[in-house]
Amino acid sequence: MTVRHGREFLSIPGPTTVPDEVLAAMHRPAVDIYSGPLLDTTASCLADLQKLFRTRGQTYIYIANGHGGWEAVLCNLFSRGDKVLVLESGLFAAGWGRMAESLGIAAEILPGNWRRAVDPAALEARLRQDAAGAIKAVLVVQVDTASGVVNDIPAIRKAMNAAGHGALLAVDTIASLGTMPFEMDAWGVDVAVTGSQKGLMLPPGLSFIAANDKAKAAHQSASLCTPYWDWTFREGPEHYQKYCGTPPEHMLFGLRQSLDMLFAEGLENAAERHRLLAEAVRRAVLAWSEEGALELNIRAAAERANSVTTVLMNDSRDPKPLLDYCNWKCGVVVGIGIGALDGKAFRIAHMGHVNAPMVLGTLAVVETGLVALGIPHGRGGVRAAIEWLGHAVSA
């Protein structure tokens, strides 16, 4: 017997739930790619991506997932033999570094902890050692979806400035843009990358880059650049150059709708919604953790992301039975642990098109699974989430 029949809840950290409004915007005939409304759609999306990144820099749209966005950044900024410093805080910055190495870029990892954010003091110390300026850029993620950490980007820039180092600051905002504050220009970020399938509420398939003047100056001498990724070509006068070929029409229709929805809500309001829902999840997990069988992966409260929460299972307990129960018995798909946390953790996403009943429903199903499987846990996790929202969201 199951109680899963009905609308499935997708609570994984990407792809996230696509709003009906976005799906409807995409459900339309193809249009001319050389003239007419599509040109205006491209122009408006590129301009509004500047607003989203909070930058006056140039924006670019790629028909690619987030890994494609990573490669676009690397190819446009570097030459073979250049060196980058990768700030480890989970799985994804290191993955960006491995991609750099495959392109002939030397990638040094600044070791981090899967349970803590990047240490700005360690970054400053390492950059002070690089008196010759061999390190051309620092690569970091704002949110790592494997560990559930959020890194303090302004503190990282402050550390770079304190070291007197001229490296570029490149930030992956794939799991944070649209869910948490990001101020590219105010924080001194030189290039930022994001993807369509998380906070932007779209299907996978698009990535977006914003680059300031310092990054574009570095691009002029980069020899790794190939025609498809090339920023200079994509700044050309013809519409097809924006995409190095046929535009992804229906994804653009969806992007236009998702941006309209975000701006209608207000970026500050969207960030606050994510903060409130994330804290509800954390309150529930903290209550469950009282019996010691599970705990929040990120130890410091200020370093916990507002887009995804990673929950460790202790005593070598496999999270798969719990995830299977949530899915096959109740219709809620919870994220698996990945990387170093494969088979050791699960992840509850609260990013993008998400609201209180979706989060509370997910938490209720997880708690039901804990009861059904006899997993030791403190009682009242859902109650703690409700108490938090009831007091935090005023009448």
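Would you tally the residues in region 365-375 being of a type in the set (Gly, Ala, Ser) and within 12 Å of Val334 (Cα to Cα)? So the count comes out to 1.
Scanning region 258-284 for residues that are aliphatic (A, V, I, L, M) and over 19 Å from Pro357 (Cβ atoms) turns up Leu259, Leu262, Ala264, Leu267, Ala271. Here's a check for you: in region 187-213, which residue that is farther than 22 Å from Val149 by Cα and open to solvent by 10 Å² or more (accessible area, probe 1.4 Å) is farthest from the chain's Cα centre (by Cα)? Going through the qualifying residues, I end up with Asp213. Criterion applied to Glu249, Glu235, Glu291 was being open to solvent by 60 Å² or more (accessible area, probe 1.4 Å), closer than 16 Å to Cys45 by Cβ, acidic (Asp, Glu) and over 21 Å from the mean Cα position of the chain (by Cα), and the one residue passing it is Glu235. Only one of the numbered conditions (1) without any contact (Cβ under 8 Å) to a residue 40 or more places away in the chain; (2) touching a Ser or Thr at 6+ places or on another chain (Cβ under 8 Å); (3) more than 30 Å from Asp119 (Cα to Cα) is violated by Ser394, and that is (2). Yes or no: Leu110 more than 21 Å from the chain's Cα centre (by Cα) and surrounded by 17 or more Cβ atoms within 10 Å (Cβ to Cβ)? No; evaluated as a whole, the condition is false for this residue. Residues in region 72-86 that are under 16 Å from Ile109 (Cα atoms) and in contact with an Asp or Glu (Cβ under 9 Å, 6 or more places away or on another chain): Lys83, Val84, Leu85, Val86. Condition first: within 20 Å of the chain's Cα centre (by Cα) and open to solvent by less than 50 Å² (accessible area, probe 1.4 Å). Can you find one or more residues in region 221-231 that meet it? No: zero hits.
Looking for something touching a strand residue (DSSP E or B) at 6+ places or on another chain (Cβ under 6 Å), part of a loop (DSSP other than H, G, I, E, B) and either under 18 Å from Gly14 (Cβ atoms) or of a type in the set (A, V, I, L, M, F, W, C) (or both) - is there at least one such residue anywhere in region 373-380? Give the steps one after another, and end with the answer.
In the first step, residues of region 373-380 are kept if they are touching a strand residue (DSSP E or B) at 6+ places or on another chain (Cβ under 6 Å); the result is none.
Scanning region 373-380, I find no residue that is touching a strand residue (DSSP E or B) at 6+ places or on another chain (Cβ under 6 Å), part of a loop (DSSP other than H, G, I, E, B) and either under 18 Å from Gly14 (Cβ atoms) or of a type in the set (A, V, I, L, M, F, W, C) (or both), so the answer is no.
Among the residues of region 295-323, those identified as over 17 Å from Arg275 (Cα atoms) and open to solvent by less than 30 Å² (accessible area, probe 1.4 Å) are Asn297, Val311, Leu312, Met313, Pro319, Leu322, Leu323.
Answer yes if at least one residue in region 381-388 is touching a Leu at 6+ places or on another chain (Cβ under 9 Å), in a helix (DSSP H, G or I) and surrounded by fewer than 18 Cβ atoms within 10 Å (Cβ to Cβ), and no otherwise. If you could, list the steps in order and put the result at the bottom.
Initial filter on region 381-388 (touching a Leu at 6+ places or on another chain (Cβ under 9 Å)): 381-382, 384-386, 388.
Checking which are in a helix (DSSP H, G or I) leaves us with 381-382, 384-386, 388.
Going one step further and asking which of them are surrounded by fewer than 18 Cβ atoms within 10 Å (Cβ to Cβ), we end up with none.
No.
From the list Asp324, Asp318, the lone residue that is out of contact with any strand residue (DSSP E or B) (no Cβ under 9 Å at 6 or more places or on another chain), at negative phi and part of a helix (DSSP H, G or I) is Asp324. Output the residues belonging to region 127-186 that are closer than 20 Å to Glu88 by Cα, of a type in the set (D, E, K, R) and either without any contact (Cβ under 8 Å) to a residue 40 or more places away in the chain or surrounded by fewer than 24 Cβ atoms within 10 Å (Cβ to Cβ) (or both). Once the filter is applied, which keeps residues that are closer than 20 Å to Glu88 by Cα, of a type in the set (D, E, K, R) and either without any contact (Cβ under 8 Å) to a residue 40 or more places away in the chain or surrounded by fewer than 24 Cβ atoms within 10 Å (Cβ to Cβ) (or both), region 127-186 yields Arg128, Asp130, Lys136, Asp152, Arg157, Lys158. Filtering region 362-379 to residues that are open to solvent by 30 Å² or more (accessible area, probe 1.4 Å) and touching a residue at least 60 places away in the same chain (Cβ under 8 Å) leaves Glu367, Pro376, Arg379.
Of all residues in region 78-98 being open to solvent by 10 Å² or more (accessible area, probe 1.4 Å) and hydrophobic (A, V, I, L, M, F, W, C), which is farthest from Leu139 (Cα to Cα)?
First, the residues of region 78-98 that are open to solvent by 10 Å² or more (accessible area, probe 1.4 Å): 79-83, 88, 91-92, 94-95, 98.
In the following step, the residues that additionally are hydrophobic (A, V, I, L, M, F, W, C) were identified as 91-92, 94.
Working: Leu91: 13, Phe92: 10, Ala94: 9 Å.
Here the answer is Leu91.
Scanning region 347-360 for residues that are over 17 Å from the mean Cα position of the chain (by Cα) and hydrophobic (A, V, I, L, M, F, W, C), we see that the one that is least open to solvent (accessible area, probe 1.4 Å) is Val359.
Between Val189, Val193, the distinction of being more than 20 Å from Cys45 (Cα to Cα) and of a type in the set (Val, Ile, Thr) belongs to Val189 only. Regarding region 53-62, can at least one residue be identified that is in a loop (DSSP other than H, G, I, E, B), touching a residue at least 60 places away in the same chain (Cβ under 8 Å) and among the aliphatic types (A, V, I, L, M)? No: region 53-62 contains no residue that is in a loop (DSSP other than H, G, I, E, B), touching a residue at least 60 places away in the same chain (Cβ under 8 Å) and among the aliphatic types (A, V, I, L, M).
The values are calculated or read from the model by the stated rules, or taken from the named source; none is laboratory data. Computed from a prediction, not measured in an experiment: that's the story for all the values here. Quick reminder, even Gly has a Cβ in these numbers, built from the backbone with ideal geometry, and neighbours come from all protein chains shown. What goes into the accessible areas is simple: the full protein's heavy atoms, side chains included, and nothing from ligands, DNA or RNA. Shrake-Rupley method; radii C 1.70, N 1.55, O 1.52, S 1.80 Å.
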